[in-house]
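The values are calculated or read from the model by the stated rules, or taken from the named source; none is laboratory data. Source: prediction; values computed, not measured. When we count neighbours, we look across all protein chains shown, and the Cβ atoms used for this are built from the backbone with ideal geometry, even at glycine.
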Amino acid sequence: MGLHELTLRNFRLFTEFSFEPDPDAITVFLSPNGTGKTSVLEAVNALATASSFRTNAASDMIRNREATAEVHGVVFQRERRIQVDLTLTRGVRNTTKRMLVNGQRPRSRAELSEALPLTVFTPEGVDVVRGGPENRRSYLTNLLTDVEPLTGEIIERFNRVLSQRNALLRGLEGSRPSASQQSELELWTSDFCEVSEELLFHRQSLLSQLSPLVARFYQALAQNTNDVGVRYEKSWPESLNDALVVSFDDDRFRGYTTIGPHRDDIELLLEGRDARRQASQGEQRSLALALRLAGHELVRQQRGVDPLLLLDDVFSELDPVRSNRLLGLLPLGQTLVTTASPLPGALTPAAVIDLTRVLS
């Protein structure tokens, strides 16, 4: 199980780089900053999600003065071999991404997460707690498809219906709809309410399973018994359809749907305090780590697979005590670690790779 081969071509700093990580243990990239350590993990993340955890601009992943970049991976799920390929092509206005799984275009992100589920820890990962609601919604969306890949179809349908409703609202330009526009709006609103309720059900179900795991991991990291709350926070009252009627004037003037699952949030509480705004930096960091560990464990429980762990310079943000606690909580399985500092004493990698030799 896990990633057996990875090849990069014209990706970030690399002209070409290949390696074969240990499928069941820890591989460490130990070299100075600026040598491409994070880029290797970014490439793995791109294979699993078709996106980067560092940038929203796909062109950033293409080596300077090159037109294309490639990432190729070989994944094994028990006896099944899966080839995943990503090609990025720089255009005049935008960059195109071409994904293939065993030579076929995946129908959704869920197919990618099914092939290569992973859990990513980065120093910026604390934004899932202290950042805006979009960070927590993104965490929830990615975890949903990792835990239950079929929910990817619901997520894509929701995005499609929301896009159509918003396009109609923009077309109104603040005016009252005509009879035909009103009829079309009612159809899209009905579809929007239906798929929103489906998505809401899966999100709330996920959080009900996740919440006790988050509390367990947080208390182990912080070495206390503080009460931890993880709750879903809707952006509308009981009836979404009634709320959309009330918000319609605001929606048509703004040109987009102002309430719905795309505006919801996750409430995070520590001893009754809003951790998003009132927790200390140390508490927020521990809670962010607990959310990732809990998600990893939930995928393992629900799907019977161990997601690939990516730890990007995480130990530089933790004191030695918390580093050792985190290491003690990490599950067994394939792990890729980057660091520019000496490794924690409790970390015993199967291999250590110095990337300065690759770039020289």
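Within the set L347, L309, the sole residue that is touching a strand residue (DSSP E or B) at 6+ places or on another chain (Cβ under 8 Å), among the aliphatic types (A, V, I, L, M) and part of a loop (DSSP other than H, G, I, E, B) turns out to be L347.
Where strands (runs of 3 or more DSSP E) fall entirely within the range 75-146, none has at least 3 residues that are touching a Pro at 6+ places or on another chain (Cβ under 8 Å) and closer than 16 Å to S52 by Cβ. Taken over the range 67-85, the criterion of being out of contact with any Leu (no Cβ under 6 Å at 6 or more places or on another chain) and under 17 Å from E42 (Cα atoms) is satisfied by T68, E70, H72, V74. Being in contact with a Phe, Trp or Tyr (Cβ under 7 Å, 6 or more places away or on another chain), at pLDDT below 95 and within 30 Å of T119 (Cβ to Cβ) holds for only one residue in S286, S280, and it is S286.
In this structure, T27 does not satisfy being under 30 Å from L343 (Cβ atoms) and touching a helix residue (DSSP H, G or I) at 6+ places or on another chain (Cβ under 7 Å).
Right, R322: in a helix (DSSP H, G or I), of a type outside the set (F, W, Y) and surrounded by 18 or more Cβ atoms within 10 Å (Cβ to Cβ) or not? Considered against the rule, which asks whether it is in a helix (DSSP H, G or I), of a type outside the set (F, W, Y) and surrounded by 18 or more Cβ atoms within 10 Å (Cβ to Cβ), R322 comes out as yes.
Determine if the range 146-165 includes at least one residue that is of a type outside the set (S, T, N, Q), over 24 Å from the mean Cα position of the chain (by Cα) and surrounded by fewer than 20 Cβ atoms within 10 Å (Cβ to Cβ). Quick ask: steps written out before the conclusion?
Of all residues in the range 146-165, those of a type outside the set (S, T, N, Q) come to 146-150, 152-158, 160-162, 165.
Applying the additional criterion that residues be over 24 Å from the mean Cα position of the chain (by Cα) yields 165.
After this cut, where a residue has to be surrounded by fewer than 20 Cβ atoms within 10 Å (Cβ to Cβ) as well, the list is none.
No, there is no match, as no residue in the range 146-165 is of a type outside the set (S, T, N, Q), over 24 Å from the mean Cα position of the chain (by Cα) and surrounded by fewer than 20 Cβ atoms within 10 Å (Cβ to Cβ).
With a requirement of 2 or more residues that are within 14 Å of V128 (Cα to Cα) and without any contact (Cβ under 8 Å) to a residue 60 or more places away in the chain, none of the helices (runs of 4 or more DSSP H) lying completely within the range 224-284 satisfies it. Among the candidates N45, N56, N33, the residue that is of a type in the set (S, T, N, Q), closer than 23 Å to S316 by Cα and assigned to a loop (DSSP other than H, G, I, E, B) is uniquely N33. Looking only at residues of the range 58-112 that are at pLDDT 90 or above and among the small types (G, A, S), we find that the one that is farthest from L150 (Cα to Cα) is A67. Taking the criterion of being farther than 30 Å from A340 by Cβ, surrounded by 17 or more Cβ atoms within 10 Å (Cβ to Cβ) and touching a residue at least 40 places away in the same chain (Cβ under 8 Å), would at least one residue in the range 125-141 satisfy it? Checked the range 125-141: at least one residue is farther than 30 Å from A340 by Cβ, surrounded by 17 or more Cβ atoms within 10 Å (Cβ to Cβ) and touching a residue at least 40 places away in the same chain (Cβ under 8 Å).
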